[in-house]
């Protein structure tokens, strides 16, 4: 803000000074033909070193040279008239360039310059050199000020950018923390639910498993245990024929394992009923002996049927094959 005010004051001051010099040059232009001596004196009275722009300097140089010609004064050098020639030549002002070149040729015909004119001319040359030094210095100051202003703008922009990025990062971190907490809570709830469901499934069918294991371990023993074996066999036969119990087993598996049996029947519709039963028993985590008793086959047959069913599931390429194979 301070830099902006400083530049504004500098521009305003330069504008005021340039306006005053322009008015003076306009007045001199009006009396150039009628009173060239007064015009020359007023041009000499101007402080050339304080001019603010090169256009004003070129106009003064042209008028100063014209005043010398009008007063029949010889110039000791072409320094001042060359200011006008160079400026108007570079700015394509051909009319004033023509005037400047004409005045330059006329100055060379005016003869030798007297001492007073030489002193005045030398003074104006010094003032012109001071003007050039000052404009160069101001140019460097202005360039430095602009660089400083640009640097400040970049710093402010970078700070705002970093602040916005920090705010965004904090928001993302907070969101990630919230999601992590929610995910952890959800996983904990799922773990608890899974444990409960698996426990229910295990408790529901452990009686069947124990009965079958007992029967398998006691068959073919001595006669005094024959009645126990017969009773266990009758219970197993009852379980084999109980479709309600089988439906309950299906429902429990679907409830605990995400409708696995429903997906199995949908994705592998061409499997036999016996293969489906085998899948239900495997999902219930029954032992090979128990399955052998429930399907009325030997343990070797159970192994073979399990292997065949596993191979068919693997070869099917169904979407949930990994879930189905997890029970083997």
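Taken together, the values in this text are just the output of simple stated rules run on the coordinates, not laboratory data. Since this is a predicted model, take the numbers as computed values, not measurements. Please note: Cβ atoms are built from the backbone with ideal geometry, for glycine as well, and neighbour counts cover all protein chains shown.
Quote the FRET efficiency, to the nearest 0.05, computed for residue 102 versus residue 34 with a Förster distance R0 of 22 Å and r equal to the Cβ-Cβ distance. Before the final figure, lay out each step's value.
Values: r = 21 Å, r/R0 = 0.94.
Plugging the Cβ-Cβ distance into 1/(1 + (r/R0)^6) gives 0.60.
Here the residues 131, 140, 303, ranked from fewest to most Cβ neighbours within 10 Å of their Cβ, fall in the order 140, 303, 131. Per-residue packing, averaged as other Cβ atoms within 10 Å, sorts the ranges 86-94, 41-49, 59-67 into the order 59-67, 41-49, 86-94, beginning with the highest. Between residue 129 and residue 26, take the C-beta separation as r, use R0 = 30 Å, and let me know the FRET efficiency to the nearest 0.05. E(calc), rounded to 0.05, equals 0.70. Extending 7 Å from the Cα toward the beta-carbon at both residue 287 and residue 262 defines two label points whose distance is 3.3 nm. Projecting label points 7 angstrom from Cα along Cα→Cβ for residue 161 and residue 179 puts them 2.6 nm apart. Oblate is the label for the range 246-290, because the ratio a/c of its alpha-carbon gyration tensor axes (a ≥ b ≥ c) is 1.5 or higher and a/b is not greater than b/c. Counted residue by residue at 0.36 nm each, then reduced by the alpha carbon distance between them, the extension gain from residue 149 to residue 316 reaches 52.9 nm.
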